[in-house]
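Inspection log for the structure reproduced underneath, given as C-alpha cells.
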Amino acid sequence: MKKTFQKLAIMLSVIALIAMVFTLNSCKKSSDTPAPIVIVLDGYYVKGAGTAYADFNEKAMMKITRNEVTQTDRASLLELYIPVKAGAAGFNIVKVAGSTRTVYGPGTGFTTITTGTTDEPKVPFQRGPVAATATVFTVPADGMYHVVIDYELMKVVVAPVHWGMIGAATPLGWGSSTALTESAFNLTTMSWTIDNLTLLVGQWKFRYSNGWKIELDTVLDVGGGKIGVKVNTNYGGAVAALIPGGDNIANADAGIYTVLISKTVGSPYAATLTKTGNIPPIDYSAYQMGIIGNCYLKLDGTQAAWDENFGTSLPVVTGGTNYTWTYTININAAGEFKFRQGTDWTGKSIGYTDVTMAGPAAGNFVDNGGNFKVDIVGNYTLVLLIDAVTEHYTVTATKN
C-alpha cells in the first residue's frame, strides 16, 4: 500500500513539472526567442543604402578578377558589377575577417576622371585611394557600376557601365562601339539589347563605355616582364561563356541579329545572340583592302609596326559576287598581320580565324590572337577571296 502511494506521488510531481514548463513557455514573448545566427563569410562586400544590400549579402561579395596586363587572376584584385542609386546614400566596401569588420570609403585623392588614357572608358569614372572610413562612395546617376578594389594597392575604381559591341563583324568595325539599349534601372538585374543588328563574318567583343581597361597601377612589377595592374572593361571568349578580357568572339554566320547581355547581382553576365534574318550580298567593289602588320617594310624602307598598310587596292570582281585581292609581299621578319579596309580600323578587317587557309604555303601561317602569324620569312603571294553570297573568306598562300 505504501509503495502505491509513493508511485502516485511521483506521477503527480512529474505532471505538475510538465504543466509548469508548458505555462512558462506559453507566457514567453516572441522577442525572447533567440535570433538566428547569421554567418558572414570572410571577404570584401559592397554594402549600403544606395544598393539592394543594406546589410551583408553573399550576392554582393566581390570576386577575384583578371589583371589585364597578364590576363590571369590577381588575388588582390576584386570586382563586382552592381546597380547603384544616385545620391548621398551610396555604399561602402567592407572587409570581413572573422569577427573583424573594416569599413572602407574614398580616401584622400579619390576623384572623378573626366579624361582617361586612350584605352580607358570615354565617360567620367572614379578612381583613387581607399581609406578606413564610414564615408560612402556615391555616384552621380542611377545605373550599373563596375566596383573594383585592389587591396594590395589600396585603390578603388567605380565606373558607369554602358555596354556596346565592337569588332570587324560589327557596323563600326574596331574603330568604335555599337551601343546597346539599356533597360530601366533596377537594383538587382539590368540588361542591354539591340535588334536588327547587321553582323558580318568576323570577330567582335562586348565592351562597356567605349573602353578596354582601367588602370590602377602602371609601375608595379607583376612578374614575367609585365608591369602594372589594370582591370578589364571588355568581355570575350564565347557568347555562352563570357570571360573578362577573353579572346575575340568569332561570328561565322553573317545575318541580322538580336543581341542581349544581362546581369543579375551575384550571377555571371549572360548573353544571347539570335539570328532573325539574312542580309543581301554586300557590294565589295569599292573596298580598298590592304595588309596591316609588322612583318614587312614600309614605303620609306623602315620596318612596319602596324602603322602603314601594304598593297591597298580595289578587288577583281568575278561572277558579280566574288571579290579577289592579290598581294605579292616580302615578309622580311617573323611577325603578324591582318587584312584591313582603308587606313584605319573603322572599316572591315579580316583575321586568321575569319578565313579558310588554302594553297601550298598555308601551313606557314598560324593564328595568334586572331592575327595571321608567320615565322618563315620570304616572298609570298597572298590571295584574299570574299564570296559575298555566303560571306565566306579564303586566303590562298604561295611561297615564291
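Hey, rough spin-label estimate for Asn278 and Ala88, points 7 angstrom out along Cα→Cβ, what's it come to in nanometres?
Calculated label separation equals 6.2 nm.
Can you tell me the orientation of helix 2-27 relative to the chain, as the angle in degrees between its alpha-carbon axis and the longest Cα principal axis, to the nearest 10?
In the chain, helix 2-27 runs at an angle near 50 degrees to the longest axis.
Please list the non-local residues whose amide H lies under 5 Å from the amide H of Asn248, H modeled 1.01 Å from N, same-chain partners needing a gap of 5 or more.
Correct list: Gly237.
Once you charge only the Cβ atoms, +1 for Lys and Arg and -1 for Asp and Glu, what is the size of the charge dipole of segment 289-399 about its Cα centre, to the nearest 20 debye?
160
Can you give the local net charge around Asn278? Use residues other than it whose beta-carbon is closer than 14 angstrom to its beta-carbon, Lys and Arg +1, Asp and Glu -1.
Working: positive: Lys275; negative: Asp253, Glu391.
Computed value for this residue: -1.
How charged is the neighbourhood of Leu80? Take every other residue with its Cβ under 12 Å from the Cβ of Leu80, and add Lys/Arg as +1 and Asp/Glu as -1.
+2
When the Cα centres of segment 85-119 and segment 294-308 are compared, how far apart do they sit, in Å?
After rounding, the separation between the Cα centres reads 45 Å.
Enumerate the amide H contacts of Leu77 below 5 Å, restricted to partners 5 or more residues apart or on another chain; note that Pro and chain-start residues carry no placed amide H.
Thr65
Per residue of segment 274-288, in order, report the coupling 6.51 cos²θ - 1.76 cosθ + 1.60 (Karplus, θ = phi - 60°) as ³J(HN,Hα) in whole Hz, putting x for Gly and Pro.
Rounded to whole hertz, the list is 10, 7, 10, x, 9, 10, x, x, 7, 7, 8, 5, 9, 7, 7.
Give the distance, in whole Å, between the Cα centre of segment 150-201 and the Cα centre of segment 334-396.
Their Cα centres are 28 Å away from one another.
Starting from the coordinates of the alpha-carbon atoms of segment 340-400, obtain the Kirkwood hydrodynamic radius over all distinct pairs and give the value in Å to one decimal.
By the Kirkwood definition, the hydrodynamic radius is 12.4 Å.
Taking R0 as 25 Å, what's the FRET efficiency between Ile39 and Leu187 from their Cβ-Cβ distance, rounded to 0.05?
After rounding, the FRET efficiency stands at 0.55.
Enumerate the calculated ³J(HN,Hα) couplings along segment 378-394 in order (Karplus 6.51 cos²θ - 1.76 cosθ + 1.60, θ = phi - 60°), each rounded to whole Hz, writing x wherever the residue is Gly or Pro.
Result, ordered by residue: x, 8, 10, 10, 10, 10, 9, 10, 10, 8, 6, 6, 9, 6, 9, 10, 10 Hz.
Under the rule of -39500 (n - 2.57) per DSSP H run of 4 or more residues, summed and divided by the residues of the chain, what mean residue ellipticity at 222 nm is obtained, to the nearest 500 deg cm²/dmol? If you can, show how the numbers build up before the last one.
On the way: 1 runs with 26 residues, N = 400.
Only helices count here, giving -2500 deg cm²/dmol.
Assigning unit charges at the beta carbon (Lys, Arg +1; Asp, Glu -1) and nothing else, what dipole magnitude in debye, to the nearest 20, does the chain show about its Cα centre? Don't skip to the answer; put the middle values down first.
On the way: 29 positive and 30 negative charges, 437 e Å.
Roughly 2100 debye, rounded to the nearest 20.
Provide, in order from the shortest bin, the percent of all Cα-Cα pairs of segment 146-298 in each 5 Å bin, continuing until the bin that contains the maximum pair distance.
The percentages, shortest bin first, are 2, 8, 14, 19, 17, 14, 12, 7, 5, 2, 1, 0.
Alpha carbon centre of segment 50-73 versus segment 216-259: separation in Å?
17
Answer with one residue from Asn364, Phe125, Tyr145: the one whose Cα lies farthest towards the positive end of the charge dipole of the chain, charges on Cβ with Lys, Arg +1 and Asp, Glu -1.
Of the candidates, Tyr145 comes out farthest on the positive side.
Cα to Cα, under 12 Å, and not fewer than 8 places away if on the same chain: which aspartates and glutamates meet these conditions relative to Lys399?
Counting by Cα, and skipping residues close in sequence, Lys399 has no aspartates and glutamates nearby.
Using a basic spin-label model with each label point 7 Å from the Cα along Cα→Cβ, how many nm lie between Thr118 and Asp300?
It works out to 1.7 nm between the two label points.
Report the far tail of the P(r) of the chain, meaning the percent of Cα-Cα pairs longer than 37 Å.
Percentage above 37 Å: 40.
Starting at the first residue of segment 206-219, write each ³J(HN,Hα) from the Karplus equation 6.51 cos²θ - 1.76 cosθ + 1.60 with θ = phi - 60°, in whole Hz, x for Gly and Pro.
Once θ is set to phi - 60°, the couplings for segment 206-219 become 8, 8, 9, 6, 6, x, 9, 6, 10, 8, 9, 7, 10, 10 Hz.
So how strong a dipole does segment 163-277 carry about its Cα centre when Lys and Arg Cβ are +1 and Asp and Glu Cβ are -1, to the nearest 20 debye?
Working: 7 positive and 7 negative charges, 7 e Å.
Value, rounded to 20: 40 debye.
Show the residues, 5+ positions off or on another chain, whose built amide H is closer than 5 Å to the amide H of Leu220.
Gly228, Val229
Place +1 on the Cβ of every Lys and Arg and -1 on the Cβ of every Asp and Glu in segment 43-160, take the dipole about the Cα centre, and give the residue among Thr115, Ser99, Ala88 whose Cα lies farthest towards its positive end.
Going by the charge dipole, the pick is Ser99.
Given a Förster distance of 25 Å, report the FRET efficiency between Ile64 and Arg101 from their Cβ-Cβ distance, rounded to the nearest 0.05.
0.75
Computed from the coordinates by the stated procedures, all read-outs in this text should not be read as laboratory data. Just so it is clear, the structure is predicted and the values come from calculations on it, not from any experiment. Glycine also receives a Cβ, built like all others from the backbone with ideal geometry; neighbour counts cover every protein chain displayed.
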